[in-house]
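Each reported figure results from applying straightforward, stated rules to the coordinates on display, with no laboratory input. Computed from a predicted model, the values in this text were never measured in an experiment. Note that each Cβ is placed from the backbone with ideal geometry, even for glycine, and that neighbours are counted across all protein chains shown.
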Amino acid sequence: MTRLSLEVLEEKFSELKPPMTAREARVEANRCLYCFDAPCIRACPTHIDVPTFIRKISTDNLTGAAVTILEANLMAATCARVCPVEELCEGACVLGGDHKPIEIGRLQRHAMDHIYDKQKLPFTPAPSNGLRVAVVGAGPAGLSCAGELAKRGYAVTILEKNPLPGGLSTYGIVVMREPIRVALEEVALIEALGVEVRTGVEVGRDVSANQLLTDFDAVFLSVGMGSVPHLGIPGEDLEGVTEALSFIAETKLAEKDGLEHLRELPVGRFVTVIGAGNTAIDAATIAKRLGAERVTIIYRRGEGEMPAYDFEYTFIKNEGVEFRFFSQPVGVVGENGRVTGLECLRVEPGPPGPDGRALPQAVPGSAFIIPCDQVIKAIGQEKRVDLFAHFGLEQERGYVKVDADLRTTNPKVFAGGDCVRATGDAMTVTATQDGKVAARGIHAWLGDNALAAD
Amino acid sequence: MADLSIDFCGVKSPNPFWLASAPPSNTAYQVNKAFEYGWGGAVWKTIGTPVLNVSSRYGGLELGGQKLLAINNIELISDRPLDVNLREIAEVKRLWPDRAMVVSAMFESDPKVWADAVARIEDTGADAIELNYGCPHGMSERGMGSAVGQVPEYCTMITEWVTSAASIPVIVKLTPNITDIKAPARAAIDGYANALSLINTINSVVGVDLDSFQLRPNVGGKGGHGGYAGPAVKPIALSMLSEVMQLPETQRFQVPISGMGGIQTWRDAAEFLLLGASSLQVCTAVMHYGFRLIEELTDGLSNWLDDKGAASIQEVIGAAAPRYSPFNQLDLSYKVVARIDEAKCINCNLCFVACDEGAHQCIDLTANGAKIDPAAYSGVAKTQPVVREDDCVGCNLCSLVCPVDGCITMIEVPPERESVTWGEITQERPEVTLEWDKMERYREEKGIEIH
Ligand SMILES: Cc1cc2nc3c(=O)[nH]c(=O)nc-3n(C[C@H](O)[C@H](O)[C@H](O)COP(=O)(O)OP(=O)(O)OC[C@H]3O[C@@H](n4cnc5c(N)ncnc54)[C@H](O)[C@@H]3O)c2cc1C
Ligand SMILES: Cc1cc2nc3c(=O)[nH]c(=O)nc-3n(C[C@H](O)[C@H](O)[C@H](O)COP(=O)(O)O)c2cc1C
Ligand code: SF4
């Protein structure tokens, strides 16, 4: 448990990027060239009309700016904070060539803060068209799909197994990037559009797939991924071994009730984190900021092959997190039921595997132990194959198989978000776009159906 | 959402924004495209007598890294044959019956030529004619454009030729290249103009190249004055609009005014509306950014009207016009003083130097609460500007140079004496306005102290 004071915690767990002042936003917005057919629009997976919304900020039309953004992306308050903008819009900004790109993410947040503070619904939903759609999972993909359909007059019910809606925006994205309040306000916007959100309902357990297929005109599956899988090594059940997602979720929930609750969370002095993706980076950051003396990320491959973004790597090194590359955990060692270390083998790059990357090969006899009192597993998330089987859907390597309109092999069922993302980066913004595309697909299909039925 | 539609001397359009007569309204291709984007109307690029253009036509004004704060041009009226223009105008109007189609014209000073032109313009189905009395270059040397706009008698005469021949409304577009804009405005109304529009471009030389000594724009080593337009001219346009709004003739005959000159954002548009313009035209901003600007213009205007609780644009047109007053009607007892919010102050000291050297020496620099002499100060404590409110004349300069929002506010303070205007003093105590010793006695009497 951390010994840090509340003040220190507030500093370490407040948003990393501060909001812009009105003047800062205006000056930055006026720097935007208002390019025609701008590359930032293309670089954004939801194709937000960036130059237009920035121009509206420059003229103090913040409501107009927010509407321009929300028309393309209903999860824009989250996206403004969590998108890897360096890789997306800001990376494409033409000003990046010889000076600083426009701070598109922070400008977007400025417009979003305005509309959420104003608490004015930016859209009027179309009159009801009498059609019902069930959305399974209240993450970004589900919320976006539900909102888009509600705007078109559909009666949408979201079924969410967790006690709180919002998916990984609520439970998974660290509070320094997105306070839980932002995720929940975004859900409230979708509800204000007329969407019903039923939490604590797990499809496949509390409600059957068949039930949904009978009760609704269409179903959108946006169930994300499962929990962190087992490593399958000895000692995994020792006290002090946790997995990254629940570790992060606890900090999110603690922040919701007041940052002082962070002090109740267990954190080790010497922490090892297994994996080197975004989740590992986040878990390591939190462990460090909760006061761990030494945090070490253990990764099977080399520095250049980490799935984390470059800016994340730079960031985490500045946080003081250390790395052990080319190391493969083979067992957790402990005393009296508690973790005391992580046993690893040294790894050498072997021949290229199916994805072209060198296959890591453990070197026999090279075992060494990293002393630690907490082990955090961040080795990806499990696939949701059983749930897809309930719906009788064809799958592809554990993901739902969909066509370009995000329709599954059952014509009544569409799917999107992380649960279909067999390739490419799983991001909030791509999940949001999936929701939009599926809503369009559902509308095109049900619209036709409705006509045929008339 | 507020109703943005207008009825301008019988010409209707779904929103007040029209393309000004200029390159963006040169062809059917462009005007069709503009209407697709949502422009409410267009004033076709001026048609008239044959011309030939030069190459290299525009110069731009850049300030502090912002490009094209103004454009300067030496382009003439349309250089496309009259027949082609008229045919395209008819085509576009047929396709877009709900948009305003105004034809700008400039012909030689001959009543028969004008009568013939009016008939051909009316044949296109256009909603109105705009008389271009403004072009300041090329055409004026040929006795047209601003050569007409600058001579009130010509202005009345030609306007009358046109209004007597026309059955559709006639708008007279005024040149700003004149000492008193009221003279040509009155002259146009005397010639029975149905409406006025202003401003056309302002005479200007936009710059000289410091290496080649060439004027910008350069035509084979030479250059001349061109027409100046764009954001930088807005204050001049707003002033001329206000002057013409005050004119008794404008008020008596309720002559509507189409405002232009520097409209780039919805905020500019709102200012023109508040001062009385009831249709708006845009040129330079479109030349800079394209037709897509219309979305920001209408969206911003509409959100602003919603915020103001106005159901229609009509509610704001002219709402600020009555405030426009001559100097001698301003209340001499009204008083504001500058106040610096030290919590917001970033200690750039720009207000200090502005007041000390450019105004009335009413701001002190302090350190640790004590006044310092900046030339002698070598301490480490931050310097803090402080206003001596008793000495402040309320000129606004410090608040204008302050880079921080809401840091220097001009606070209204209770008047120290009875309300009086210069006009009243002139009437009641004319000697005070003529002789310094009388003025000094008057000040003593009223307790007016000049610091
Ligand atoms: C630690 C972490 C950090 C991240 N950081 C970023 C970041 O900085 N930027 C970024 O762009 N992306 C980030 N991501 C990825 C991003 O959060 C996801 O791509 C995005 O949330 C996917 O949205 P989704 O709607 O597909 O799934 P999810 O957000 O996972 O939502 C799925 C929802 O479905 C519910 N559900 C599942 N099964 C059922 C069922 N049977 N019945 C009812 N409900 C069910 C779940 O409870 C959940 O609420 C991060 C992810 C993680 C794990
Ligand atoms: C390149 C250029 C050409 C123009 N040509 C004409 C013209 O043919 N007829 C006319 O009445 N005004 C003409 N104008 C003036 C515009 O219609 C308008 O009055 C002026 O540009 C002010 O508006 P703005 O600040 O929005 O540009 C021209 C302006 C420019 C910049
Ligand atoms: S904008 Fe450039 S390319 Fe187009 S006509 Fe002018 S100088 Fe030529």
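Given the pairs A:LYS118/B:LYS308; B:LYS12/B:LYS112; A:LYS100/B:LYS344; B:LYS344/B:LYS382; A:LYS120/A:LYS151, which are separated by over 18 angstrom at their Cα positions?
Flagged as over cut-off: B:LYS12/B:LYS112; A:LYS100/B:LYS344.
Which percent, nearest 5, of DSSP beta bridges in chain A are antiparallel?
35 percent
Provide the net charge surrounding A:ARG338, with neighbours chosen by a C-beta distance below 12 Å and charges set as Lys +1, Arg +1, Asp -1, Glu -1.
Once positives and negatives cancel, what remains is -4.
What is the average number of partner chain Cβ atoms found within 10 Å of a Cβ in A:50-60?
Taking the mean over all residues of the peptide, I get 4.
What is the order of B:SER302, B:SER78, fewest Cβ neighbours within 10 Å to most? Don't skip to the end; give the middle numbers.
Details: B:SER302 21, B:SER78 25.
So the residues, fewest neighbours to most, are B:SER302, B:SER78.
How much of the DSSP bridge set in chain B is antiparallel, in percent, rounded to the nearest 5? All intermediate terms of the calculation are to be shown ahead of the outcome.
Numbers: 30 of 58 bridges.
That works out to approximately 50 percent antiparallel.
Which far-off residues, 5 or more places away or on another chain, put their amide H under 5 Å from the one on A:LEU359, with H placed in the peptide plane?
Correct list: A:GLY350, A:GLY353.
Over segment B:115-252, what is the percentage of antiparallel beta bridges among all DSSP beta bridges, to the nearest 5?
Here the antiparallel bridges make up roughly 40 percent for segment B:115-252.
Count, for each residue of A:21-28, the Cβ atoms from other chains sitting within 10 Å of its Cβ, then give me the mean as a whole number.
What the average comes to for A:21-28 is 1.
Quick one: which of A:423-434, B:425-436 comes out on top by average Cβ neighbours within 10 Å, and what's the full order, highest first?
So the order, starting with the most tightly packed, is A:423-434, B:425-436.
Please list the helices of chain A that count as membrane-span-like by this rule: a mean Kyte-Doolittle hydropathy of at least 1.0 together with Cα atoms stretching 15 Å or more along the helix axis, each helix being a complete DSSP H run. Write out the running numbers ahead of the final one.
Details: long enough: A:62-72 (16 Å, 1.49); A:104-118 (21 Å, -1.00); A:140-151 (16 Å, 0.41); A:180-192 (18 Å, 1.18); A:244-257 (20 Å, 0.04); A:278-289 (16 Å, -0.05); A:428-453 (36 Å, 0.13).
Long hydrophobic helices here: A:62-72, A:180-192.
Ordered by residue, what ³J(HN,Hα) values in Hz, to whole numbers, does segment B:61-78 give under the Karplus form 6.51 cos²θ - 1.76 cosθ + 1.60, where θ = phi - 60° and Gly and Pro are x?
9, 10, 9, x, x, 8, 7, 6, 5, 8, 10, 10, 9, 10, 7, 9, 6, 3
Could you put B:LEU247, A:LEU387 in order, starting from the residue whose Cβ has the fewest other Cβ atoms within 10 Å?
Least crowded to most crowded, the residues run B:LEU247, A:LEU387.
Could you work out the helix-only [θ] at 222 nm for the protein assembly as shown, with each DSSP H run of four or more residues adding -39,500 (n - 2.57) and the total divided by the number of residues, to the nearest 500 deg cm²/dmol?
Taken over the protein assembly as shown, the calculation gives -10000 deg cm²/dmol.
If you take every residue apart from B:VAL11 with its C-beta less than 13 Å away from the C-beta of B:VAL11, what net charge results, scoring Lys and Arg +1 and Asp and Glu -1?
Net of charged neighbours comes to -1.
Which whole number gives the average, over all residues in B:288-299, of C-beta atoms from other chains lying within 10 Å of the residue C-beta?
The mean count of partner-chain Cβ atoms within 10 Å per residue comes to 4.
Using the 10 angstrom Cβ neighbour count as an exposure proxy, how do A:ARG300, A:ARG181, A:ARG31, A:ARG397 rank, fewest first?
The fewest-first ordering by Cβ neighbours comes to A:ARG397, A:ARG181, A:ARG31, A:ARG300.
If you take every residue apart from B:TYR154 with its C-beta less than 14 Å away from the C-beta of B:TYR154, what net charge results, scoring Lys and Arg +1 and Asp and Glu -1? Present the calculation step by step, with values, prior to reporting the outcome.
Values: positive: B:ARG142, B:ARG186; negative: B:GLU108, B:ASP110, B:GLU153, B:GLU160, B:ASP190.
Summing Lys/Arg as +1 and Asp/Glu as -1 gives -3.
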